[in-house]
Structure formats: structure tokens, C-alpha cells
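Report on one structure; see the data block that follows.
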Amino acid sequence: GFDATPTNVLLTPPPDLEVDSINVATTARAGDPLSVQFTVTNYGASPTAENYWNDAVYLSTDNKLDASDLLLGNVGHAGVLGTDASYVGAGSFTLPNTLSGAYYVIVTTDSGKLNILGYVLGIGLRDIDQLVHQRRVVDLG
């Protein structure tokens, strides 16, 4: 048997994680550590379903994240992030000895959902956690 009356199921409003700011030195030396600090806020209508994810830090020669960019490393975040709540992530990454010139520092939050074909999944969609990245320029000259 079955119940002939349909059940109305409403979607839970999703979280919306955004990188609000990045703090990094404006100059660095190849081969030395680069400290990166950033703030992530959940602007969505509900807390995150996951309680652990990684934020990724990249160097890019332009201000767009794509497959040619250098992943410096990941910073893990533990804990559910409630609506309008924020956290500060930080990491220190050793720069390759071969770098010189100006680079953008790009941070993506919840980077496990990143499609490294040159775009970030979820931008403009409200049915999954959004991945938003911020950029800062660092001169490695």
C-alpha cells in the first residue's frame, strides 16, 4: 500500500561561506615562508552540515583561479559554522625558490568542492555551499 496524499518536502536553506578578507605581506622572498591569514563568514540561512573542511591557498599570476595556479597548501577548519558566524584561518607556506614577480594570493573556502578547470562550483547557485575566493597581490621581486 501507499498513501495517496503527497508529502511536501521543503529544501533546507543552504549555508553560504565567503572569504571576507585576506591578510598577507605585500612583499615576500622566494624560498621563505609566507604567512596568510583570512576570515570566512557564513552568510547563508543555515549552519554548515559538515563539521570539517579545508580552505585552500593559491598563488596566481592573474586574479582568476585556474589549473595553472600554484596550490601553496590547505588550512583545515573544524566545527560547524552557524549563520552569520565567522572564523579566522591562518597558515604559513614555504614559497618555491623559482618564483619571481607579482602574484595574487587566492583563498577558497570548502576547497573540497573545487573544480580546478578554471571556475569554482557553486557560484550563483543556492543549492550547495558556495565557494567564494578573495585575492591579494604579493610582489616576489
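The values are calculated or read from the model by the stated rules, or taken from the named source; none is laboratory data. Note that the coordinates shown come from a computational prediction; the quantities given were computed from them, not determined experimentally. Neighbour counts are summed over all protein chains in view; Cβ atoms, including those assigned to glycine, are modelled from backbone coordinates with ideal geometry. We work out accessible area using only protein heavy atoms, side chains counted, and drop any ligands, DNA or RNA first. Shrake-Rupley method; radii C 1.70, N 1.55, O 1.52, S 1.80 Å.
So, in region 7-44, how many residues would count as being surrounded by fewer than 20 Cβ atoms within 10 Å (Cβ to Cβ), hydrophobic (A, V, I, L, M, F, W, C) and not in a strand (DSSP E or B)?
Looking only at that region, the number is 5.
What number of residues in region 69-79 are open to solvent by less than 30 Å² (accessible area, probe 1.4 Å) and of a type in the set (Gly, Ala, Ser)?
Matching residues across region 69-79 total 2.
Given the conditions (1) within 17 Å of the chain's Cα centre (by Cα); (2) surrounded by fewer than 14 Cβ atoms within 10 Å (Cβ to Cβ), report the number of the one that residue 4 does not fulfil.
The one condition residue 4 does not meet is (1).
Report, by residue number, each residue of region 45-68 that is of a type outside the set (S, T, N, Q) and either open to solvent by 30 Å² or more (accessible area, probe 1.4 Å) or over 12 Å from residue 111 (Cβ atoms) (or both).
45, 47, 49, 50, 52, 59, 62, 64, 66, 67
Select from region 87-103 the residues that are in a strand (DSSP E or B) and either more than 23 Å from residue 34 (Cβ to Cβ) or open to solvent by 70 Å² or more (accessible area, probe 1.4 Å) (or both) and list them in ascending order.
Answer for region 87-103, where residues must be in a strand (DSSP E or B) and either more than 23 Å from residue 34 (Cβ to Cβ) or open to solvent by 70 Å² or more (accessible area, probe 1.4 Å) (or both): 88, 92, 94.
Does residue 82 count as open to solvent by 20 Å² or more (accessible area, probe 1.4 Å), farther than 24 Å from residue 100 by Cα and not charged (D, E, K, R)?
Yes.
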